[in-house]
Structure formats: structure tokens, C-alpha cells
Amino acid sequence: MSHRTAGHPGLPDDARGDAAEPSASCPEEVTLDVLRGRWTTLVVRELLRGDRSFTDLRQALPMLSDKALADRLAHLVQSGVLERRRQPGWPPRTQYVLTQHGRRLGPVLQVLGDWGDAL
């Protein structure tokens, strides 16, 4: 279900626009759930710049704890935003790669940033 947007000027039409409460199937709620948690947008931003290892991400975001980074990566993998790719060799390396769906978050983050700048 979507928010009450149907029929309002400037808002997208959505057949689910008469929902009286948020729903797990609401596209906006799904997006906000994927991006939930402090640091998530910064992790996605780093991955929009290219594939990264855990170590690469730690270096790019030095104030982010290992536990929080691991949690964010696991959530993004579970959400279908990232793929975790193990590289052969010793020591084994893991790369995090945005899925096609995950790459579509680039414009979403841009719009969120633009909106925040306008406040």
C-alpha cells in the first residue's frame, strides 16, 4: 500500500494511494527500510563509486565501527542491493558489488540530498 498520494497534484498516481496505514508492500516504505540505519547511505555512496572490500569501506568511512559496517552490509545483501563476491586465492577476499537494483539508488540518494540541502 502506498501513502495517500493518488489524485494530488505533484504526487505520483498510485492505485494503492488510498491506504490508511503504512504497509510492508508500500514502495516508499520498502525504500526507507532498505536505507534505514545510520551510515547506510554512505555505504551505498561508496559502492556507487565501485566495488569495494570490507577493508576498502573501513578506510573510506573510518568513523564507522566494524560491527556497524558488517550489519549494514548484511542488511544490504539481504535486501538485494548488494552481492557479496568471494575472490579465490589466499587469503580469500570478498568484494561487495551493487546489484542492478542497487545501482538504481544513485538517483534516489541524489534527490534525498537535494531535498535536504533545500531545508
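The values are calculated or read from the model by the stated rules, or taken from the named source; none is laboratory data. Since the structure is predicted, the reported quantities are computational estimates derived from the model, not experimental observations. Here the Cβ is made from the backbone with ideal geometry for all residues, glycine too, and neighbour counts use every protein chain on show.
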Reported set for region 24-42 where residues are surrounded by 13 or more Cβ atoms within 10 Å (Cβ to Cβ) and over 16 Å from Arg104 (Cβ atoms) is Cys26, Glu29, Gly37, Trp39, Leu42
Residues of region 96-114 being hydroxyl-bearing (Ser, Thr, Tyr) and either exposed (fewer than 12 other Cβ atoms within 10 Å of the Cβ) or out of contact with any helix residue (DSSP H, G or I) (no Cβ under 8 Å at 6 or more places or on another chain) (or both), in sequence order, are Thr99
Note on region 69-95: residues farther than 28 Å from Ser25 by Cβ and surrounded by 10 or more Cβ atoms within 10 Å (Cβ to Cβ) are Leu69, Ala70, Arg85, Gln87, Arg93, Thr94, Gln95
The one condition Gln59 fails out of (1) within 17 Å of the chain's Cα centre (by Cα); (2) at pLDDT 95 or above; (3) not charged (D, E, K, R) is (1)
Residues of region 84-119 being small (Gly, Ala, Ser) and without any contact (Cβ under 8 Å) to a residue 12 or more places away in the chain, in sequence order, are Gly89, Gly113, Gly116, Ala118
Note: among Asp71, Asp33, just one is of a type outside the set (Ser, Thr, Tyr) and modelled with pLDDT of 95 or more, namely Asp71
Selection over region 45-90 where residues are in contact with a strand residue (DSSP E or B) (Cβ under 7 Å, 6 or more places away or on another chain), over 21 Å from Val108 (Cβ atoms) and assigned to a helix (DSSP H, G or I) yields a count of 1
